[in-house]
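As structure tokens, the structure follows; a few thoughts come after it.
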Number of protein chains: 2
Amino acid sequence: MDAEFSSRFEAAIAKIKQVVGEKQIILKGEAFEERAGDTSPKVQRPAGFVFPASVEEVQAIVKVANEFKISLWPVSKGKNWGYGAATAVHAGALIVVLERMNRILEVNEELAYTIIEPGVTYGQLNTYLKENHPHLWTDTTDSTPEGSVLGNALERGLGETPYGDHFANLCGLEAVMPTGERVCTGASPSTGAKTWTTHKWGTGPYLEGLFSQSNFGIVTKAGFWLMPAPESFSSMLFEVHDEEHVVPALNALRRLALKGVIRSNIHAGNNNAILMILHSYYRDYSKKSAPLTKDEQDHLCNRFGVALWTFNCGLYGAPQEIRAWKSLIKRELSAHGTILFMTDPKMAIAQKMMTWLSTHQTSFIGAVGAKLFRKVFGKSLEYAQMGPYQHNLLKGIPTEYFLRYAYCKSANAAPAQGLNPARDHCGEMWHAPAIPFTGEHFKIVRDACRPWYEHYRMDFCMTLLLINPRALVTLMGIFFVKEDPEETARANALHKKLCEVTLALGYQPYRAGVASMPGLLDSAPDYKELAHRLKLALDPNLILAPGRYGVAPFHP
Amino acid sequence: MDAEFSSRFEAAIAKIKQVVGEKQIILKGEAFEERAGDTSPKVQRPAGFVFPASVEEVQAIVKVANEFKISLWPVSKGKNWGYGAATAVHAGALIVVLERMNRILEVNEELAYTIIEPGVTYGQLNTYLKENHPHLWTDTTDSTPEGSVLGNALERGLGETPYGDHFANLCGLEAVMPTGERVCTGASPSTGAKTWTTHKWGTGPYLEGLFSQSNFGIVTKAGFWLMPAPESFSSMLFEVHDEEHVVPALNALRRLALKGVIRSNIHAGNNNAILMILHSYYRDYSKKSAPLTKDEQDHLCNRFGVALWTFNCGLYGAPQEIRAWKSLIKRELSAHGTILFMTDPKMAIAQKMMTWLSTHQTSFIGAVGAKLFRKVFGKSLEYAQMGPYQHNLLKGIPTEYFLRYAYCKSANAAPAQGLNPARDHCGEMWHAPAIPFTGEHFKIVRDACRPWYEHYRMDFCMTLLLINPRALVTLMGIFFVKEDPEETARANALHKKLCEVTLALGYQPYRAGVASMPGLLDSAPDYKELAHRLKLALDPNLILAPGRYGVAPFHP
């Protein structure tokens, strides 16, 4: 920070303190350091963190930022690990953390929506619904239950259930503009309009999209659609064992999604992605700081019963619907792999078996039981124990369980609870290009990226997420030992290379980390120019998140 | 037109002629008059019509408009009858008709989308698909097959099938900005991006919404999602006969839509709405230029077998899915009315019966047959003949059949084909408030509006259209004898009153006619202010459709 900036920043902070109170600003110390990091290797150092408690406080902060020309970077909870967490594209930003604004303002049972503030987490919303509105389910991501529902939706993150396109299920926003005004999109509830949270498009130009993946406003409240609890539920595990079945299996899944037979998100992971969740085993190998050899991978996959590709999705409906869908799914997919459907009662029995087996592991009968279990289910006990978490996740119940992958190469194992990979110095980065949902597009991306993992000596970890029946995310994870500068440099180089390679092939990321935001829109120059014009019209001082998603450069 | 405007306009036209050619401009004469009207009573007189053939010609026209500060009003086909058709909010606009840009540029069978130009009509797209890609269905409205697919989607019109939210199924736009630049939303295909037409949200701020119900650009091309033909199909007719069942029936339908049991749009009409389609009978009464008395209404409803409320929707899926849905629908709805499911084979048999009966009407056996038919189906032959059109409409097959309602009070009966209510001087206006989808909200709107129909001596004609499972349009039609100034004045007064009454209750229109556009956003002042700022940033000369949807006043 140069002296001129410092004096402006200090003057701004003095004024902001009057708004939020001394305690709601962090400028240094342990609390600062805990928030200033991410799992990605290089982040820009914030100038501080501020924690407003209301929309009025947010407005006041924005006005001060305009007065002193300091830049703000809003986050809801800052748990966007691997994408930059609570850090900005540029150094010296004041991070506006909205976590204190965490009220669930309304739940409407009939119309199945809630109105929430940005600090509301998946865990909080889920618990609240279970206790007060058990007939409504929410969606969740497979990351931390501490993640923000609105933050993820505005970032256009993806969940698990039929409500997995989180931005699509956002309806009715209140935002503070970069010049300090408060705006409601669509039908304005302040004037008594009734359809703010039920009619997404509103009347006149549809402007809600301006506030997603952008720097055009700070969303302070929003409507979010919830799923009426289905009469019955079944999770589905679909495993593809052979390379030649991967492409046709993906095409069959697209057909099922297009027909609406599968309406939930579909998540898939390659063998490495599954092994990384079973991290304590993977860690023994990865300590070598080299990728698994083919033999090691084969050995681990055999030991646990991990397939080449593993797909998860859920079926939600009346029993007769689920019966129909199961038969249609079997018809499409049986030729390409193995299918396992699990209902709640079946899962309860499986859980009892697993509990018994794990408490009798050391006894002879326990060992025989485990072998029998492996024989019947094709899975080791350790792997099978993942099942209930996956099953519940598809019911929108968040869990930390899967976040363990972030620790797969960390110096320390994942804690029993309260996982926070940024705090725990895990090395993790994501690259997430979107592709048209065909097996052929998948193959192009996979075959273009995998060699670079080999080149940079990293384990090729790929998961797939449905955006809609026509588009898929090929999410690639890079996991590395953050304490090892050489490995970190390789991770960085690989990430850069993946961005280059996939953009050159025409696959834009569905979501980007702050590190890759500069230049992100260079492949769409006309669109970038339009976004810049809008930004200048709404934020003449460029104080709000300059450079976010490649729009408007850093204001010096 | 004052002299200063005239000279600017003439200079602009001279330049535009060099772009499109003399023949592609209409400034007066019969062709002008045919296009300059609408079914609504008062429209602003355009200065002329221009018919560009390419995006380059559109860009050139926009540049000339900026040079001479004349205002443009783009329409795709101009068939937006009852909402203003091809006329602007203000007089003196040059109407840019995009009907010559009518190429179907691509159809992708695997990913089920098409890329089309704004001149492509429902009829054209449907015929093209039936001939070349029979496994893909398109949606349609129940208005003319001559309507523009893109025009309706940008207007956020609603169709019939599960793809009935036309704007939601738009993915990837090319637009000419008000300053002449060409922009693609989301992933830019010009740079080789692959997800332009499959990933609606793209990367960075989602800007596609800027081009719907707005004046921010002229859309020249877009991706539009198509429906894979289902394995089987059944239409559903659900009739509610008693007042006390209307509210619970609507709530039951919402639950079915929220659960995804009914995935198509749901259309409903009250008794008058159905009688107006059976127009040649209705016309005998309406010639009195007074609303039906209760006795007349009862008599007509009895004669034809018209229920208090009639709902139509479709079921699309594999036979086992449709079986499941039928049972779930019966469970929810049976208590509230009568349900009739029709499959293609059943409809074919019914059609044969109807053909036989209508050719034997005068014979004794024909008369007995008609009576028997009425006894079995509860419908007169004339009414039952509507069935196949409705059934096909739910399969996305457009028809002029239902457009006959527009002629119900016209001096002339509807022609056998080539219906054009604006040309034929029919009197028709729409008012279309959106409401949260509950029976209670429906009741509030109906009970607030119906007395005004009585007050202004018009038949209360209300139809319902699903926007999504949480929002419904209560579409009210006003039909009047356009040649009668007194009745036209009443129609106008009623329309104005309905707008006032529903806005005061907090129900914004899902879509508006040009007549009600000024002041449309006054109930959402913060949102209006934001839209104005964006407009000024994108269209500094305010040449593009000033005043459209209440955004940016007329430029003098």
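Place +1 on the Cβ of every Lys and Arg and -1 on the Cβ of every Asp and Glu in chain A, take the dipole about the Cα centre, and give the residue among A:P436, A:G147, A:L419 whose Cα lies farthest towards its positive end. Toward the positive end, the furthest listed residue is A:P436. Each Lys and Arg adds +1 at its Cβ and each Asp and Glu adds -1 at its Cβ; summed about the Cα centre, the protein assembly as shown shows a dipole of about 1340 debye.
For segment B:373-497, dividing the convex hull volume of the Cα atoms by the residue count gives 152 Å³ per residue. Near A:K221, the amide H atoms lying under 5 Å from its own belong to A:E174; only residues 5 or more places off or on other chains count, and H is placed 1.01 Å from N. Taking Cβ atoms as reference points and 14 Å as the exclusive limit, the residues near A:M386 contribute a net charge of -2, counting Lys and Arg as +1 and Asp and Glu as -1. With the label put 7 angstrom out from Cα along the Cα-to-Cβ vector, A:K17 ends up 7.3 nm from the copy partners, going from closest to farthest. Simple rule: put +1 on each Lys or Arg Cβ and -1 on each Asp or Glu Cβ in segment A:42-117, find the dipole, and look at A:P46, A:V64, A:G78; the Cα lying farthest toward the positive end is A:P46. The C-alpha atoms of chain B define a longest principal axis, and helix B:122-132 lies at about 80 degrees to it. Calculated on the Cα set of chain B, radius of gyration then Dmax: 23.6, 74 Å.
Label segment A:245-356 by shape, choosing from rounded, prolate and oblate, from the square roots a ≥ b ≥ c of the eigenvalues of the Cα gyration tensor; if a/c is under 1.5 it is rounded, and otherwise prolate applies when a/b is larger than b/c, oblate when it is not. Because a/c hits 1.5 or more and a/b fails to exceed b/c, segment A:245-356 counts as oblate. Projecting 7 Å from Cα along the Cα-to-Cβ direction, the label point of B:G519 sits 5.5 nm from its equivalents in the other copies, listed shortest first. Rg and Dmax, both from the Cα atoms of the protein assembly as shown and both in Å, are 30.4, 103. Applying the Karplus relation 6.51 cos²θ - 1.76 cosθ + 1.60 with θ = phi - 60° to segment B:520-534 yields 3J(HN,Hα) values of 4, 9, 4, 7, 9, x, 5, 5, 4, 4, 4, 4, 5, 4, 5 Hz, where x marks Gly and Pro. In this structure, A:Q361 and A:A448 have a Cβ-Cβ separation that, at R0 = 35 Å, corresponds to a calculated FRET efficiency of about 0.20. Each residue of segment A:449-463 was assigned a 3J(HN,Hα) from its phi angle through the Karplus expression (A = 6.51, B = -1.76, C = 1.60, θ = phi - 60°), giving 9, 4, x, 6, 4, 5, 4, 9, 6, 10, 6, 6, 10, 10, 10 Hz with x at Gly and Pro.
Would you tell me the mean number of C-beta atoms belonging to other protein chains that fall within 10 Å of each C-beta in B:530-538, as a whole number? Could you put the intermediate results ahead of the total?
Working: counts 13, 4, 0, 6, 8, 2, 1, 7, 4.
Average neighbour count from other chains, rounded to a whole number: 5.
Highest mean first, the peptides A:345-353, B:465-473, B:387-395 sorted by other C-beta atoms within 10 Å per residue fall in the order B:465-473, B:387-395, A:345-353. Here is how the number arises for chain B: DSSP H runs of 4 or more residues each give -39500 (n - 2.57), the sum is divided by the residue count, and the result at 222 nm is -11500 deg cm²/dmol. The residue among A:H336, B:P134, A:G477 whose Cα reaches farthest toward the positive pole of the charge dipole of the protein assembly as shown, with charges on the beta-carbon of Lys, Arg, Asp and Glu, is A:H336. Once each of the GluC sites (Glu not before Pro) sitting in a DSSP loop with at most 14 other beta-carbon atoms within 10 Å is removed, chain A keeps A:232-482 as its longest stretch. Seen against the Cα atoms of chain B and their longest principal axis, helix B:485-504 is set at about 90 degrees. Computed about its Cα centre, the charge dipole of segment B:1-91 is approximately 140 debye, with only Lys, Arg, Asp and Glu carrying charge at their Cβ. In nanometres and ascending order, the distances from the A:R103 label point to those of the other copies are 5.6 (point 7 Å from Cα along Cα→Cβ).
Give the shape of segment A:434-556 as rounded, prolate or oblate, defined through the alpha-carbon gyration tensor: a ≥ b ≥ c are the square roots of its eigenvalues, a/c under 1.5 means rounded, and otherwise the shape is prolate if a/b is larger than b/c and oblate if not. Spell out each step's value before the answer.
Numbers: a/c = 2.57, a/b = 1.40, b/c = 1.83.
Note, shape of segment A:434-556 comes out oblate.
When a/c reaches 1.5 or more, the comparison of a/b and b/c decides; with that in mind, is segment B:300-445 rounded, prolate or oblate per its Cα gyration tensor? Oblate, because a/c is 1.5 or more while a/b does not exceed b/c.
Considering only Cα-Cα distances, which of the following residue pairs are longer than 20 Å: A:K259/B:K326; A:K326/B:K259; A:K42/A:K63; B:K79/B:K482; A:K259/B:K77? Can you show the working numbers first?
Working: A:K259/B:K326 18 Å; A:K326/B:K259 18 Å; A:K42/A:K63 30 Å; B:K79/B:K482 18 Å; A:K259/B:K77 32 Å.
Pairs exceeding the cut-off: A:K42/A:K63; A:K259/B:K77.
Using only side-chain charges placed at the Cβ, +1 for Lys and Arg and -1 for Asp and Glu, the dipole size of chain A relative to its Cα centre rounds to 700 debye. For the rotational copy relationship between B and A, the axis lies nearest to a chain B beta carbon, identified with its distance in whole angstrom as B:A537, 2. Helix A:364-377: angle to the longest alpha-carbon principal axis of chain A, degrees 0 to 90, nearest 10? With both axes taken from Cα atoms, the answer is about 80 degrees.
Every number in this text was worked out from the coordinates using simple rules, so none of it is lab data. Keep in mind the model is a prediction, meaning the values are calculated, not measured. Using ideal geometry, Cβ is built from the backbone for each residue, glycine included, and neighbour counts are taken over all protein chains shown.
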